Amino acid sequence: MKAVLLVSAGSIAGSLFRFALGALFPGDGLGTLIANLAGVALASHLLVVMERRGITELRYLLLPGFCAGMTTFSGVTALVIEETGFDYLLLTAVLSIALVAVVLPLSRKFVKVRA
Amino acid sequence: MNALYVVIGAGIGGPARFLIDTYLRRFSPKPYGIFLVNVLGSFFLGLTFNSTSHWHELIAIGFAGAFTTWSTFMLDIYLAWGLKRYKEAVANLVISLGIGLIAAWFGLQLA
């Protein structure tokens with residue numbers, strides 16, 4: 001039950017952040033793109049931190065909570081169909097994979113296992 | 001005030017995703033739960049994407065936005081690739097996006 005509440009709190013914070021980015025960068029899915037890329041980079045780093053440091057409760061709040069709430073799959077699919085076309089999907093997917101491929105190995109290199 | 005609708009939607013969507021994913025990962029380590037929420041959420045978002053009422057904040061941005069996840073989707077693909085499960089990584093990418101786009105299209109048509 002505690003895990004569900006932590007995920008809920010994190011998801012609310014992440015969604016409000018995405019909502020604010022959408023208001024700051026209206027139109028053409030720019031806010032959604034920024035939210036998704038920032039969320040992917042943050043989740044990649046946090047995954048390594050949690051693995052190395054074994055932070056279990058914070059994991060619920062930050063990974064399936066904040067990062068998963070900040071990023072959105074449905075926002076991408078609906079935008080592609082209704083507004084932006086397939087270029088947007090390609091841009092989001094390529095930049096996201098590139099970010100994971102850079103951030104995750106770098107984090108694995110620099111985040112030490114807690115003794 | 002609009003933010004309150006986002007809070008309510010995300011407060012339901014986020015934990016619903018977590019519970020579905022946690023339940024389905026008991027049966028398989030493969031990300032079937034994330035696939036399911038992403039497809040269902042794409043349909044729900046399609047239904048409310050062009051709504052001008054509070055349904056947009058409540059369902060599109062709040063519920064469907066938090067119910068679906070791009071970061072977990074990308075991490076699942078990258079980690080499967082890293083474990084040399086190439087077919088799984090490519091299948092997840094192609095099938096999730098393909099069916100997710102169809103689901104969003106259906107939602108938009110029904111709206």
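Rule-based calculations on the coordinates, nothing more; no lab input. Nothing here was measured: the structure is a model prediction, and the numbers come from that model. Note that we place each Cβ from the backbone using ideal geometry, even for glycine, and neighbour counts take in every protein chain shown.
Once you list every other residue whose beta carbon is under 14 Å from the beta carbon of A:Leu42, what net charge do they have if Lys and Arg are +1 and Asp and Glu are -1? Intermediate values should be presented prior to the final figure.
Numbers: positive: A:Arg18, A:Arg59; negative: none.
Every neighbour counted, the sum reads +2.
Sum up the charges of everything whose Cβ sits under 13 Å from the Cβ of B:Trp81, counting Lys and Arg as +1 and Asp and Glu as -1, but leave B:Trp81 out. Don't skip to the end; give the middle numbers.
On the way: positive: B:Lys84, B:Arg85, B:Lys87; negative: B:Asp76, B:Glu88.
Around B:Trp81, the charge tally is +1.
Based solely on its DSSP helices, what 222 nm [θ] is calculated for chain A when runs of n ≥ 4 H residues each add -39,500 (n - 2.57) and the sum is averaged over all residues, nearest 500 deg cm²/dmol? The partial results should precede the final answer.
Details: 5 runs with 84 residues, N = 115.
Dividing the helical sum by the residues of chain A leaves -24500 deg cm²/dmol.
Which of the helices in chain B, when you take each full DSSP H run, stretch at least 20 Å along the axis at their Cα atoms and have an average Kyte-Doolittle score of -1.0 or higher? Don't skip to the end; give the middle numbers.
Working: long enough: B:2-24 (33 Å, 1.02); B:32-48 (24 Å, 1.71); B:86-110 (36 Å, 1.29).
Span-like helices here: B:2-24, B:32-48, B:86-110.
What 222 nm value per residue comes from the helices of chain B, counting each DSSP H run with n ≥ 4 as -39,500 (n - 2.57) and dividing by all residues, nearest 500 deg cm²/dmol? Don't jump to the answer; show the numbers that get you there.
Working: 4 runs with 77 residues, N = 111.
Taking each H run of at least 4 residues, the total per residue is -23500 deg cm²/dmol.
Reachable aspartates and glutamates from B:Lys30, Cα under 13 Å, same-chain residues fewer than 8 places away excluded?
Candidates past the 8-residue exclusion: B:Asp21, B:Asp76, B:Glu88.
What is the projected area of the convex hull of the Cα atoms of the protein assembly as shown, averaged over all directions, in nm²? Before the final figure, lay out the partial values.
On the way: hull surface 47.8 nm².
Average of the hull's projected areas for the protein assembly as shown equals 12.0 nm².
Tell me, what is a quarter of the convex hull surface for the C-alpha atoms of the stretch B:2-110, in nm² with one decimal? Show your work: numbers first, answer last.
On the way: hull surface 26.6 nm².
Taking a quarter of the hull surface, the average projection is 6.7 nm².
Please find, in a Gaussian network model of chain B (springs between Cα atoms separated by less than 10 Å), the residue of B:Leu47, B:Leu19, B:Leu83 whose mean-square fluctuation is greatest.
B:Leu83
For the modelled label position 7 Å from the Cα of B:Asn50 along Cα-to-Cβ, which residues of the stretch A:62-91 have backbone nitrogen atoms closer than 18 Å?
A:75-86
Under 27 Å between alpha carbons, and skipping anything fewer than 8 positions from A:Lys112 in its own chain: which lysines qualify?
Output for A:Lys112: B:Lys84.
At a Förster distance of 25 Å, what's the computed FRET efficiency of A:Phe86 paired with A:Ile34, Cβ-Cβ distance as r, to 0.05? Can you show the working numbers first?
Values: r = 20 Å, r/R0 = 0.78.
Rounded to the nearest 0.05, the efficiency is 0.80.
Pop the C-beta distance of B:Ala111 and B:Leu36 into the FRET formula with R0 = 30 Å and round what comes out to the nearest 0.05.
Working: r = 22 Å, r/R0 = 0.72.
It comes to 0.90.
Using only the Cα atoms, what convex hull volume per residue in Å³ does the stretch A:1-96 have?
Numbers: hull volume 7.9 nm³, N = 96.
With only Cα atoms used, the stretch A:1-96 gives 83 Å³ per residue.
Please list the non-local residues whose amide H lies under 5 Å from the amide H of B:Thr68, H modeled 1.01 Å from N, same-chain partners needing a gap of 5 or more.
Under 5 Å from the amide H of B:Thr68: A:Phe73, A:Ser74.
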